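Engineer: First the structure, then my questions, so here it is.
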Amino acid sequence: MTIEFLLTSIVIILIPGTGVLYTIATGLAAGRTASIAAAFGCTLGIVPALIAAVFGLAAILHTSALLFQAVKFAGVAYLLYLAYQTFKDNGPVSLEQKDRLPISAKKIVSTGALINVLNPKLSIFFLAFLPQFVEAKSATWMMDTLLLGLTFMAMTFIVFIGYGIFAAFIGNFALKSERFMCWFRRTTAAAFAGFGFRLAFSDNN
């Protein structure tokens with residue numbers, strides 16, 4: 001565990017992506033507890049990518065164009081679904097409400113997890129990122145990779161909680177403004193759609 005790994009990880013985690021967007025939107029709409037559930041779900045969604053990196057399955061995903069495309073377009077479809085549902089204000093993240101919504105924690109966690117599970121780029125990222133900080137000739141390289149991945153997940157969870165709690169605090173005031181919530185709902189829907197289209201036109205390189 002090096003300072004370079006920790007600093008690089010925190011920079012990567014802080015960059016807004018679909019997980020951050022989902023956690024913020026959930027915190028804004030449903031409050032602090034819901035935002036923590038969203039952060040947990042997004043973090044949980046990293047597990048398949050970590051397992052793929054540890055056991056080399058990500059390399060298969062990287063070299064198999066058909067498998068990559070299948071996972072990619074499943075992810076694209078899900079992001080576009082979230083965009084549509086958010087815009088219609090009746091999906092996993094319902095924003096335009098006067099009061100905080102009693103959304104099922106299970107639903108929040110599963111939605112957050114699916115966002116990352118259906119992102120093939122995440123597995124390839126782990127395949128390219130983690131080995132840089134592991135001694136290839138080490139007899140414990142698999143355990144070292146797992147430890148780094150779990151550390152990355154823990155940092156992700158903490159940072160996402162920070163995003164969510166901040167959003168929940170802002171939501172105490174923002175929910176009173178119908179104009180702001182309408183603007184944020186449309187912006188969130190557009191962001192989900194944008195992430196979906198970006199994923200659609202990405203490749204496995």
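The values are calculated or read from the model by the stated rules, or taken from the named source; none is laboratory data. Please read these numbers as outputs of a predicted model, since none were measured by experiment. Note that each Cβ is placed from the backbone with ideal geometry, even for glycine, and that neighbours are counted across all protein chains shown. Side chains included, ligands, DNA and RNA excluded: accessible areas come from the protein's heavy atoms. Shrake-Rupley method; radii C 1.70, N 1.55, O 1.52, S 1.80 Å.
Engineer: Taking every pair of alpha-carbon atoms in the range 103-152, give the share separated by more than 14 Å as a whole percent.
Structural biologist: Distances greater than 14 Å cover 62 percent of the Cα pairs.
Engineer: For Trp141, Trp183, write out the residues from largest to smallest accessible area, computed with a 1.4 angstrom probe and no ligands counted.
Structural biologist: Trp183, Trp141
Engineer: For Phe5, Phe184, write out the residues from largest to smallest accessible area, computed with a 1.4 angstrom probe and no ligands counted.
Structural biologist: Listed by decreasing accessible area, they come as Phe184, Phe5.
Engineer: Need one value: the accessible area of Tyr84 in square angstrom, 1.4 angstrom probe, rounded to the nearest 10.
Structural biologist: 130 Å²
Engineer: Which order do the peptides 7-15, 119-127, 193-201, 29-37 come out in when sorted by mean C-beta neighbours inside 10 angstrom, highest first?
Structural biologist: Top of the packing list down: 29-37, 119-127, 193-201, 7-15.
Engineer: How big is the accessible area of Glu4 in square angstrom, nearest 10, if you roll a 1.4 angstrom probe over the protein chains?
Structural biologist: 110 Å²
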